[in-house]
Structure formats: structure tokens, C-alpha cells
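Working notes for the structure below.
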């Protein structure tokens with residue numbers, strides 16, 4: 001599967017667009033729509049076109065991970081929500097999550113309820129992460 005425009009809109013909404021580097025709430029150097037990596041250096045400035053290209057590159061990695069990790073049929077909304085979740089937290093977080101275990105056991109309601117537990121950065125709940133997880137949970141059932 002591939003992410004839909006709804007899924008991309010959710011990622012863009014919650015990541016926001018920054019054309020210069022910044023430290024995200026988890027302390028990682030970030031640019032564009034939440035892009036991190038060894039290519040992100042202090043003082044880097046990009047344009048909106050580059051930010052979109054980085055977003056699409058990153059999304060492809062997370063689409064691949066979700067497609068490999070989920071063993072049950074998914075709706076487009078489920079897939080989009082899981083790609084957004086992975087984009088924000090990393091595929092490793094999805095891989096080790098109770099959310100994935102419940103989904104692969106075909107407990108969709110139980111899986112959806114797990115989204116809301118992933119709203120912390122450095123151990124503290126953040127309003128933005130709470131809103132994102134609620135958005136992902138809503139998209140999961142769309």
C-alpha cells in the first residue's frame with residue numbers, strides 16, 4: 001500500500017514546516033516536515049520544494065516498514081495512521097509496540113486504543129503529541 005493524500009495531510013499538519021534546522025521536542029536536529037538524519041546540520045536552510053522531497057523520501061521508508069510489519073488486511077485509513085505514527089516515532093517503535101501486536105492479532109479496537117498511549121516526549125505528555133495520536137486514531141477508523 002501507499003499513503004493517501006489524507007495521510008500526507010496529517011503528517012504535514014502535525015510536523016509543520018520549518019525551512020531551517022531546529023531541535024524537536026525529543027531533542028533531535030530536524031528540518032522541513034520533521035525530517036531528521038545525518039544530512040541535517042546546524043544552520044541548514046532549505047526551500048519548500050526540498051522539504052516536500054524529503055517528506056516523500058521519508059514516507060517511502062515508513063510505507064515499506066508498515067507493509068512489512070502488518071500481517072492482517074488494512075484499510076487505507078489504518079495504513080495512513082500507521083505510516084504517520086511511524087514517521088513520528090520510528091518504525092522500531094511500531095515494531096515493538098502493543099499496538100502492532102494487537103493489530104496483527106486482528107484486535108483493531110485494541111490497536112486503535114494504543115495510539116493514545118504514545119503522547120510523551122522525554123517522559124512528559126505533550127499537547128501536540130496527544131492531538132496527533134487522536135488524529136491518527138481517528139484516521140485509523142476512517
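Among the residues of this structure, residue 81 counts as one that is part of a helix (DSSP H, G or I), in contact with a helix residue (DSSP H, G or I) (Cβ under 6 Å, 6 or more places away or on another chain) and either at pLDDT 95 or above or under 24 Å from residue 141 (Cα atoms) (or both). The number of residues in segment 21-39 being more than 18 Å from residue 56 (Cα to Cα), in a loop (DSSP other than H, G, I, E, B) and touching a strand residue (DSSP E or B) at 6+ places or on another chain (Cβ under 9 Å) comes to 4. Residue 27 meets each of the listed conditions (1) within 30 Å of residue 104 (Cβ to Cβ); (2) at pLDDT below 95 apart from (1). Checking the conditions here, which among 7, 110, 90, 77 is surrounded by 13 or more Cβ atoms within 10 Å (Cβ to Cβ) and at positive phi? The match here is 90. Out of curiosity, is residue 49 in contact (Cβ under 8 Å) with a residue 40 or more places away in the chain, more than 26 Å from residue 127 (Cβ to Cβ) and assigned to a helix (DSSP H, G or I)? In short, no.
The residues of segment 97-128 that are touching a residue at least 40 places away in the same chain (Cβ under 8 Å) and touching a helix residue (DSSP H, G or I) at 6+ places or on another chain (Cβ under 8 Å), listed by number, are 121, 128. Being out of contact with any strand residue (DSSP E or B) (no Cβ under 9 Å at 6 or more places or on another chain), within 16 Å of residue 1 (Cβ to Cβ), in contact (Cβ under 8 Å) with a residue 24 or more places away in the chain and assigned to a helix (DSSP H, G or I) is a property that residue 93 lacks. For segment 99-121, indicate whether the set of residues that are within 14 Å of the chain's Cα centre (by Cα) and under 15 Å from residue 33 (Cα atoms) is non-empty. Within segment 99-121, none of the residues are within 14 Å of the chain's Cα centre (by Cα) and under 15 Å from residue 33 (Cα atoms).
Conditions tested, residue by residue: (1) out of contact with any helix residue (DSSP H, G or I) (no Cβ under 6 Å at 6 or more places or on another chain); (2) within 11 Å of residue 88 (Cβ to Cβ); (3) not in a strand (DSSP E or B).
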site	(1), (2), (3)
3	no, no, yes
8	yes, no, yes
19	yes, no, no
41	yes, no, yes
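Checking every residue in segment 22-38 against the condition of being within 11 Å of the chain's Cα centre (by Cα) and in contact (Cβ under 8 Å) with a residue 40 or more places away in the chain gives at least one match. Only one of the numbered conditions (1) assigned to a helix (DSSP H, G or I); (2) closer than 16 Å to residue 7 by Cα; (3) modelled with pLDDT under 95 is violated by residue 142, and that is (1).
The values are calculated or read from the model by the stated rules, or taken from the named source; none is laboratory data. Since the structure is predicted, the reported quantities are computational estimates derived from the model, not experimental observations. Every residue, glycine as well, gets a Cβ built from its backbone with ideal geometry; the counts of neighbours run over all protein chains shown.
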